[in-house]
Every structure is written in structure tokens, then in C-alpha cells.
Amino acid sequence: MEKPLLRKHEWGEEYSYHGFRRVNYRGEGWIFYISGFNGPPLADGSDSIGNVLLFGGGTEACKMDMKGRIRIAGRWFNEDKWNH
């Protein structure tokens, strides 16, 4: 198994989760950052796509559901695992 890329900073750490940027600000827990939302609205009116920051720069569109979860690299993450 390949070891993920890791960068340490004064404010915390970041690493590559299957190419997506995941950060831990001063030990508060690992989160993804969504830079924007789009896509056709879901049945409840919420957005269906979240654009997640990549470790090397840029974003990738990821599917969202009506439970506030986002699907990143084939796995669903609850709202406590992402921010925008």
C-alpha cells in the first residue's frame, strides 16, 4: 500500500486521500474542503455536486446526497468530515 503524501504546517497538516486534499487544523480532525456546489438540485432542493479540492491543486466534482454526505473516492463522508 502506498503511503499518502503529507505536508506539515504551522496551522496543522494536510495529506493526499486518493488525490483529494484533506486537512487537520491544529488537531481538530481531518476534513475535506468543498470550494463550491452545483449540479441539478436534489429532491429536497440541495446541491447534487460538491467541488472538492485536490492535493495537487484544482478541484474534482463529487456526488452529494440529501443526507448531507459527499462521495469521495468511492466512500461517503458525513458533513462533519467536510467544510466549505
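Taking region 13-68 as the region of interest, none of the strands (runs of 3 or more DSSP E) fully inside it holds 1 or more residues being without any contact (Cβ under 8 Å) to a residue 12 or more places away in the chain and exposed (fewer than 12 other Cβ atoms within 10 Å of the Cβ). Please enumerate the residues belonging to region 69-84 that are over 17 Å from L5 (Cβ atoms), touching a Gly at 6+ places or on another chain (Cβ under 9 Å) and assigned to a loop (DSSP other than H, G, I, E, B). If the condition is that a residue be over 17 Å from L5 (Cβ atoms), touching a Gly at 6+ places or on another chain (Cβ under 9 Å) and assigned to a loop (DSSP other than H, G, I, E, B), then N78, H84 are the ones that fit.
Would you confirm whether or not region 50-61 contains a residue that is among the polar types (S, T, N, Q) and closer than 18 Å to G19 by Cα? Within region 50-61 (the criterion being among the polar types (S, T, N, Q) and closer than 18 Å to G19 by Cα), the answer is yes, since at least one residue qualifies.
Just one of the listed residues (I49, I70, I34) is β-branched (V, I, T), out of contact with any Lys or Arg (no Cβ under 8 Å at 6 or more places or on another chain) and modelled with pLDDT of 95 or more, namely I34.
The values are calculated or read from the model by the stated rules, or taken from the named source; none is laboratory data. Quick caveat, the model's predicted, so the values are computed rather than measured. Because the Cβ atoms are built from the backbone with ideal geometry, glycine has one as well, and the counts that use them run over all protein chains shown.
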